[in-house]
C-alpha cells in the first residue's frame, strides 16, 4: 500500500455543458495526463454526456472507468451508488495512480462529483481530491442567447427545477434574474406562473446548451406546453 504522499489524486474535471472546446486548458492537461479517466456511465447502452464531451481528448493508453449513478431521488439507492463508485476509484488511487473524473458542467455546481468526493473522503480520510472549475450551464445558456446573465447591481438566483412554485414565486420577488435548472418536469406550471406575472416575453428556455442540436425557445407566450429534454433550463429576466 502506498503512503499518503504517493497515493494518487482524484481530480474533478469540469468539462462544460456540451461543446468539447469549453473545457479549460488546465482541465484538459490533467485529463490527458491521468492514467485513469472516470465518468458517469450512460443509460440504455449509450455513452454518457460527459463521456461524449471528452471522447476526442482521450488516448488509447488511458483506462476508462464508467461509474453508475442512478437518476433517482431515493437517498438509500443514491448512497449505495456513491459507495460503489468510491470503491471502484479507490484501488487506483491507493496504487498511486491519478484518476480524472469528468463531469458535465462545473464540478461544484449541482454535480455528481461532489457526492463521489464526499463519499471517498468519508471512507478514506487520507484520500486526496482536487476540483478543476469550468463552465456551468447557466453561463453557457445566456452566451447562446447573446445576453449577459447579470449587469450592475442585479441579483441572481438559481433554483433546481423540483423546487415548488411558492419558492419560485418568492424568488421572483427578490431576484432580478432567475435560472430554473432542469425545468422539464415543471414547465407547464411555471409557464402559468409567468403568464400571471407578465414575464413570458422575458423568459427563455435553452435545451442542450452549446451542442449542435441546441434549441432556444424565446417568446413563450404561445408555448404553454413544450416537450423538453432533461437537459433544459429556463432563464427569467424578471426586471
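Derivation of every value follows stated rules applied to the coordinates shown; laboratory data play no part. Predicted, not measured: the structure shown is a model, and the values here were computed from it. Neighbour counts run over all protein chains shown; Cβ positions are idealised from the backbone, glycine included.
Here are some notes:
- Only a single criterion out of (1) over 13 Å from residue 112 (Cα atoms); (2) without any contact (Cβ under 8 Å) to a residue 60 or more places away in the chain is not satisfied by residue 36, namely (2).
- Filter result (under 18 Å from residue 110 (Cα atoms), in contact with a strand residue (DSSP E or B) (Cβ under 7 Å, 6 or more places away or on another chain) and in a loop (DSSP other than H, G, I, E, B)) within region 47-94: 48, 69
- The residue of region 120-142 that is surrounded by the fewest Cβ atoms within 10 Å (Cβ to Cβ), among those that are in a helix (DSSP H, G or I) and touching a residue at least 40 places away in the same chain (Cβ under 8 Å), is 123.
- Residue ID - farthest from residue 205 (Cα to Cα), chosen from residues in region 221-239 that are out of contact with any strand residue (DSSP E or B) (no Cβ under 8 Å at 6 or more places or on another chain) and part of a loop (DSSP other than H, G, I, E, B): 239
- Between 101, 113, the distinction of being buried (at least 16 other Cβ atoms within 10 Å of the Cβ) and either closer than 30 Å to residue 236 by Cβ or out of contact with any strand residue (DSSP E or B) (no Cβ under 6 Å at 6 or more places or on another chain) (or both) belongs to 113 only.
- Residues that are in contact with a helix residue (DSSP H, G or I) (Cβ under 7 Å, 6 or more places away or on another chain), surrounded by fewer than 16 Cβ atoms within 10 Å (Cβ to Cβ) and in a loop (DSSP other than H, G, I, E, B) within region 4-46 comprise just one, 42.
- Residue that is surrounded by fewer than 19 Cβ atoms within 10 Å (Cβ to Cβ) and over 16 Å from residue 236 (Cβ atoms), where the choices are 153, 173: 153
- Number of positions in region 175-195 that are outside any strand (DSSP E or B), in contact with a strand residue (DSSP E or B) (Cβ under 7 Å, 6 or more places away or on another chain) and without any contact (Cβ under 8 Å) to a residue 60 or more places away in the chain: 5
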